[in-house]
Amino acid sequence: MEDMVSWGEKRERPARYDVLFEPVKIGPVTARNRFYQVPHCNGMGYRDPTALAHMRGVKAEGGWAVVCTEQVEFHHTSEITPFIELRLWDDRDIPALARMADKIHEHGSLAGIELAYNGMNGPNLYSREVPMGPAHLPVATFTYDPVQARRMDGEDIRNIRKWHLAAVKRARRAGFDLIYVYAAHALGFLHHFLSRRYNQRTDEYGGPIENRVRLLREITEETKEAVGDTCAVPVRISVDELLGEGGLYKEEVEDMIGLMADLPDLWDVTLAGWENDSRTSRFAEEGAQEPFIAGVRRLTSRPVVGVGRYTSVDRMVSLVNKGIMDMIGAARPSIADPFLPRKIEEGRFDDIRECIGCNICVSGDFTMSPIRCTQNPTMAEEWRKGWHPEKIRRKASDKPVLVVGAGPAGLEAAQALGKRGYDVTLAEAGTELGGRVLKEARLPGLSAWVRVVDYRRMQLQQLPNVETYFDSRLTADDILSFGIPRVAIATGATWRADGVGHLHTMPISMAEGARIFSPSDVMEGKGPEGGRVVVFDDDHYYMGGVMAEVMAERGCETVYVTPASEASTWTRNTMEQHFIQKRLLEKGVTIRPFTALDAVDEGEAIVSCVFTGRRERLAADAVLLVTARLPNEALFLALKERREEWADAGIESVSVIGDAQAPATIAHATYAGRRYAEELDTKPLPEGALPFRREITELLPLDQ
Ligand code: ADP
Ligand code: SF4
């Protein structure tokens with residue numbers, strides 16, 4: 001066993017928070033407190049089962065009384081490839097799920113499983129079975145697959161009930177304590193049957209709400225009967241689709257809940273679709289779901305759980321005291337801080353790593369890669385790398401470390417190294433901690449991002465072995481004169497203003513007198529304050545859209561030009577694209593998709609169609625280029641150049657981390673900082689070894 005350090009001092013918590021630590025009876029099982037990790041995807045699923053089991057185990061260790069799986073596809077006639085979820089198609093899937101349930105039980109929590117049949121929400125690209133739903137309709141996927149679902153008949157409905165039951169029995173054998181009936185988020189057949197949008201049937205499963213709710217009721221009854229008093233059966237439903245009366249709406253769903261009232265052991269209430277339920281902080285405040293959930297508690301005597309990106313403890317207490325929810329549901333807050341409940345219980349409020357609501361975690365699902373988190377760089381690395389959000393290997397030497405730059409990479413490195421026990425000097429050129437995060441958090445809609453800095457500042461304050469120096473723009477001479485043996489350069493990056501980005505790999509032509517700006521200029525308060533502005537977005541994440549918003553707010557006549565088909569196209573992966581485009585249009589920004597900026601003349605932007613190359617001149621008093629960044633690597637390169645002086649100066653290693661190495665997301669920066677801290681003084685890996693563990697699919701004998 002490695003020598004690990006953990007931190008944080010137990011303190012008194014206000015008595016008013018005690019209510020959060022009351023046990024809650026959920027049918028035949030009892031949760032030890034009110035903290036409930038609702039099902040959430042993570043891009044690992046059936047491909048990385050052990051990594052996933054450990055990730056869920058850490059949540060249980062952190063005090064979540066209930067820890068759930070993501071969607072678990074329960075029959076091969078419905079799968080959601082290319083997205084990676086869990087599977088329970090036959091007995092061979094049980095061991096992977098049992099490993100997860102065991103990990104959750106190890107820490108005294110209840111394990112929940114969300115059985116899912118996507119129906120017309122899955123194109124069945126892997127199984128090649130014909131998808132089924134309440135009606136003949138094109139599959140409702142994010143990817144517009146050219147596949148239709150067929151209408152289920154009575155026999156199909158009987159089959160699906162049988163399959164669900166078989167999965168329930170397998171889930172029990174795998175050791176789960178809560179077995180979900182999932183009817184939410186427009187992501188499965190039960191939701192589709194509830195909603196008139198999809199269900200126009202004229203049989204006993206269509207028409208009035210009694211009929212549309214019939215299948216949900218039947219399946220819930222059968223599930224309850226099958227598990228008896230061994231497991232709880234929660235039902236997950238969406239209270240509103242935010243489509244007015246064209247979709248499921250609150251009053252209608254409340255009637256449906258009323259019809260089933262005490263049949264489930266717990267109601268897990270959400271909004272649909274998923275993009276409405278997991279909105280980013282740019283588009284929804286903490287607790288945005290509250291008005292929708294508020295009415296459910298009076299319809300049932302069963303416990304109610306819901307989400308709202310809750311990290312404010314007083315807010316959680318008030319939800320319970322007002323009788324809105326019995327359990328505090330969380331996906332993202334439990335990702336950013338798997339130890340949130342334990343920290344509240346132990347009065348360690350300064351140690352809470354609050355979710356910033358950026359949805360980088362969601363992007364793991366959309367990009368089919370293991371979940372990443374901006375705030376918690378250990379997420380999904382619990383088994384792969386042996387990282388832990390609240391423990392770290394003790395230092396393996398007494399050699400101090402110099403960290404240059406207090407952006408997310410430098411801050412994370414400094415605090416993690418400090419926790420390992422190293423003496424750390426953190427030198428920052430400016431007068432505040434935070435680097436790019438601090439600047440970006442001042443942009444419209446991004447204020448919650450400052451939590452990346454807040455958490456790390458609080459941690460540094462508790463570490464007497466980390467000294468921070470401001471107004472310290474270090475040079476290579478300074479660093480050589482200090483003679484601190486290990487140096488991490490985290491000096492960040494600067495937005496370039498030459499047009500180089502995804503499209504142009506060489507600078508574009510610009511007239512002498514043209515007024516050209518970059519996001520770095522705008523964040524320093526410079527840039528246009530009016531007139532006609534062309535914003536060229538060849539970065540495609542959030543910054544281009546945000547810059548257009550800033551320009552519109554400054555009263556500029558703003559034209560947003562992008563070679564992509566839509567504004568901020570990568571934000572499809574954070575489920576924000578739709579909201580961003582809507583906001584830009586509402587702010588009067590003109591969006592010019594499929595358009596490249598080729599050159600800038602005085603007073604004009606020369607653009608062209610990305611397909612035909614047809615050119616056009618747009619009047620532009622200024623052009624704001626959001627294309628790419630250049631690493632601030634001069635300091636690192638200068639030190640590298642003087643390598644032969646290191647030994648005399650007492651320097652052993654100089655590393656470059658985060659944006660100063662290669663600009664990317666803030667999540668990449670916190671990961672880079674953590675990685676530097678985790679790997680310092682570890683034994684070098686043998687040549688060619690992977691720096692993480694991976695699991696490989698077991699090969700069947702060839703003749704099987
Ligand atoms: P990252 O995302 O990689 O952490 P940031 O750009 O957010 O990068 O942060 C870089 C930080 O480094 C900024 O706060 C900047 O002021 C600081 N910095 C840049 N150059 C120096 C230097 N030579 N000495 C000290 N601090 C520096
Ligand atoms: Fe929250 Fe962002 Fe982490 Fe997701 S990635 S849990 S939204 S901080």
Percent accessible area from carbon and sulfur atoms, segment 661-704, protein chains only, probe 1.4 Å: 57 percent
Just how many % of Cα pairs in segment 1-106 lie over 21 Å apart, if you round to the nearest whole percent? 49 percent
Taking the simple approach of a point 7 Å from Cα along Cα-to-Cβ for both Arg617 and Lys526, what is their distance in nm? 2.7 nm
Measure off, as a whole percent, the carbon and sulfur share of the 1.4 Å-probe accessible area of segment 525-652, all protein chains present. 48 percent
Please work out the C-alpha center-to-center distance from segment 357-431 to segment 268-290 and express it in whole Å. 28 Å
List, in order, the whole-Hz ³J(HN,Hα) value for each residue of segment 593-606 obtained from phi through the Karplus relation with A = 6.51, B = -1.76, C = 1.60 and θ = phi - 60°; use x for Gly and Pro. x, 6, 10, 10, 8, 9, 6, 10, 9, 5, x, 9, 10, 9
At 1.4 Å probe size, with no ligands or nucleic acids counted, give the accessible surface of Arg436 in Å², nearest ten. 40 Å²
Total formal charge among the other residues, if their Cβ is under 11 angstrom from that of Ala514, Lys/Arg +1 and Asp/Glu -1: -4
Using a probe radius of 1.4 Å on heavy atoms only, what accessible surface per residue do you get for the chain? Whole Å² is fine. 39 Å²
Report, by chain and number, residues whose modeled amide H sits under 5 Å from the one on Asp268, excluding near sequence neighbours (fewer than 5 apart, same chain). Val235, Arg236, Ile237, Val305
Top positive-direction residue, dipole computed over the chain with Cβ charges, set Leu402, Tyr676, Val317: Val317
Just list whichever of Lys399/Lys683; Lys25/Lys224; Lys59/Lys162; Lys59/Lys385 have alpha carbons separated by over 26 Å in the model shown. Lys59/Lys162
Whenever you get a sec, compute what percent of the accessible area on segment 20-366 sits on carbon and sulfur atoms (1.4 Å probe). 48 percent
Counted charge near Met4, where neighbours are those whose Cβ lies closer than 11 Å (Asp, Glu -1; Lys, Arg +1): +2
What does the charge count around Val450 come to, taking other residues whose C-beta lies under 14 Å from its C-beta (Lys +1, Arg +1, Asp -1, Glu -1)? +4
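The values are calculated or read from the model by the stated rules, or taken from the named source; none is laboratory data. Source: prediction; values computed, not measured. All Cβ positions, glycine included, derive from the backbone under ideal geometry; neighbour counts span all protein chains shown. Note: areas computed on protein heavy atoms with side chains; ligands, DNA, RNA excluded. Shrake-Rupley method; radii C 1.70, N 1.55, O 1.52, S 1.80 Å.
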